[in-house]
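Below: one structure, written as structure tokens.
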Amino acid sequence: MSPNKHTITDSEYTIMKILWASQEKLTVADVVHALDDNHWTASTVSTFLQRLLKKGILGCEKKGKTNLYYPLLGQTDYHLQETESFLDKVYKGSVKNLVAALYENQKLSQEDIDDLKSLFELE
């Protein structure tokens, strides 16, 4: 596991998805606006952004009195860290054990199995 593992709560992950999807640096108001189905206030969003800054997951640029936030940790890198952490914790780092558990519990369709076989076939 990477020594630079970053832990993100579900609420922080909601914020990160918005930042990852944006091509621009965002203000608190931008994030609040993007959360149109969520009822978080600007103060709540600001708190989450500050936590993410302290964790080193976000960067912040001052423009006048406005803070512009941007991700320092890429979405793919985060997902890989989370996947590795899950495999280590639950399946002792074994992808084979994970797939076996899914197969035994009938969570894999025949299409899933075929797709997995094609992923592992050597050319």
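Identify all residues within region 1-42 that are of a type in the set (Lys, Arg) and either assigned by TED's automatic domain parsing to the domain that holds Ser85 or modelled with pLDDT under 95 (or both); write none if there are none. Quick ask: steps written out before the conclusion?
Step one: list which residues in region 1-42 are of a type in the set (Lys, Arg), which gives 5, 17, 25.
Listed by number, the list holds a single entry, Lys5.
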* Asked: For Leu73, all conditions in the list (1) under 13 Å from the mean Cα position of the chain (by Cα); (2) surrounded by 14 or more Cβ atoms within 10 Å (Cβ to Cβ); (3) in a helix (DSSP H, G or I) hold save one; what is the number of the exception?
  -> (3)
* Would you check which residues across region 11-56 are under 17 Å from Tyr70 (Cβ atoms), assigned to a helix (DSSP H, G or I) and hydroxyl-bearing (Ser, Thr, Tyr) and list them? => Tyr13, Thr14, Ser46
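Select from region 87-123 the residues that are of a type in the set (Asp, Glu) and part of a helix (DSSP H, G or I) and list them in ascending order. Don't jump to the end; show me each part of the working.
Here is the first cut: in region 87-123, the ones of a type in the set (Asp, Glu) are 88, 104, 111-112, 114-115, 121, 123.
Scanning region 87-123 gives Asp88, Glu104, Glu111, Asp112, Asp114, Asp115.
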* To do: Could you check, for region 36-47, whether at least one of its residues is within 24 Å of Tyr13 (Cα to Cα), in contact with a strand residue (DSSP E or B) (Cβ under 6 Å, 6 or more places away or on another chain) and loosely packed, with under 13 Cβ neighbours inside 10 Å?
  => no
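The values are calculated or read from the model by the stated rules, or taken from the named source; none is laboratory data. Nothing here was measured: the structure is a model prediction, and the numbers come from that model. Methodologically, a virtual Cβ is constructed for each residue, glycine included, from the backbone with ideal geometry; neighbour enumeration extends over all protein chains shown.
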